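These notes concern the structure reproduced below.
The values are calculated or read from the model by the stated rules, or taken from the named source; none is laboratory data. Keep in mind that this is a model prediction, so the values were computed, not measured. All Cβ positions, glycine included, derive from the backbone under ideal geometry; neighbour counts span all protein chains shown. Calculation scope for accessible area: heavy atoms of the full protein, side chains included, ligands and nucleic acids excluded. Shrake-Rupley method; radii C 1.70, N 1.55, O 1.52, S 1.80 Å.
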Amino acid sequence: MIRKAMNDCFLALIHENYKFNGAAELLDILAAIISGFAIPLRDEHVTFFKMIIIPLHKVQTSSFFFEQLLRCSMLFLSKDRNLAIPLLQGTLKYWPFASYLKETLFLTELQEILEVCEVSKIEALVPKLFKRIVKCISGSHLQIADRAMCFFENDFFLNILKSYKEVTFPMIIPTVVHLADNHWHTILRESLVALKTILKEIDPYAFEQALAQEKKSKELRVTQDPEERKRLDDKWAKLSAEVKKKHPDYQEPDVPFTMKHLVATYNELYAKIYDKEKYVSI
């Protein structure tokens, strides 16, 4: 009964309320319960991990209970290493934006997950994983970039990098070489120069080949080409114009994360949680 009540609280937190002041305390209790689970895990425990523990990462207020959530996640992985792959998928799927604190927390968890993962089982996730790491390194926030650079000091991560270098080198090397020459922060630029040297020592031929590759394949591309983005936007504008001709009452949907629609004004849920004055007026 107690576990069922806890499940109901977590499901409401994930899908309805997005805010619950006792989440950290419940996760502390849950950690004590998980540590007593027998091995192998029962099906209901695996289902709980996939349906509650992983989706809790997407809650906007997860930074308030992330330490306890990370402990529960790692306890599950200590019971069954095979759960590392679903957790890695969930972490990449629910990766935060516009919050450097949550992104730093996700990077910390990501590094711990990779230490548990078997290299042979993450081949399908390698492009997504390294695309995310490269985006963090090339981002504008110094703390996130510095935290992402710490991955290259981890032997498990370097093992993945070497094992799938035909995929990872074309994604990492052009960005690292560019930032090593142009990054605005002196200390981080020195770290990038050192990283460039390390990558070159791993496989000089693959390094030069990745650097000389002018057009990366679409699957391995980290950023979208501006011309391609403009072409797609023009295509949607043309389609919208055609629809308006046939249906004069048609109104274009408000697409988030564009110049016309800022995140704070678009996301009413965010406003309700963090902006009390706006919450009163809504």
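Largest GNM mean-square fluctuation across 67, 153, 242, computed for the chain with C-alpha springs under 10 Å, falls on 242. What the chain shows is 61 Å² of accessible area per residue, with the surface traced by a 1.4 Å probe over protein heavy atoms.
Taking Cα centre as origin and charging only the Cβ of basic (Lys, Arg, +1) and acidic (Asp, Glu, -1) residues, the dipole magnitude of the stretch 58-167 rounds to 360 debye.
Grab the beta carbon distance between residue 25 and residue 89, set R0 = 25 Å, and tell me the FRET efficiency rounded to 0.05. Mind showing how you got there, number by number?
Numbers: r = 28 Å, r/R0 = 1.12.
For R0 = 25 Å, the calculated efficiency reads 0.35.
Among 117-125, 142-150, 130-138, 243-251, sorting by the average number of other beta carbon atoms lying within 10 angstrom of each residue, highest first, gives 130-138, 142-150, 117-125, 243-251. Using a probe of 1.4 angstrom, how much of the accessible area of the stretch 114-172 is carbon and sulfur, in percent? Taking all protein chains in place, the stretch 114-172 shows 48 percent carbon and sulfur surface.
Taking each DSSP H run with n ≥ 4 as -39500 (n - 2.57) and averaging over every residue of the chain yields -19500 deg cm²/dmol at 222 nm. A crude spin-label estimate for the pair residue 251 and residue 16, with each label 7 Å from Cα along the Cβ direction, gives 3.0 nm. Summing charges over all other residues whose Cβ lies under 12 Å from the Cβ of residue 176, with Lys and Arg as +1 and Asp and Glu as -1, gives +2.
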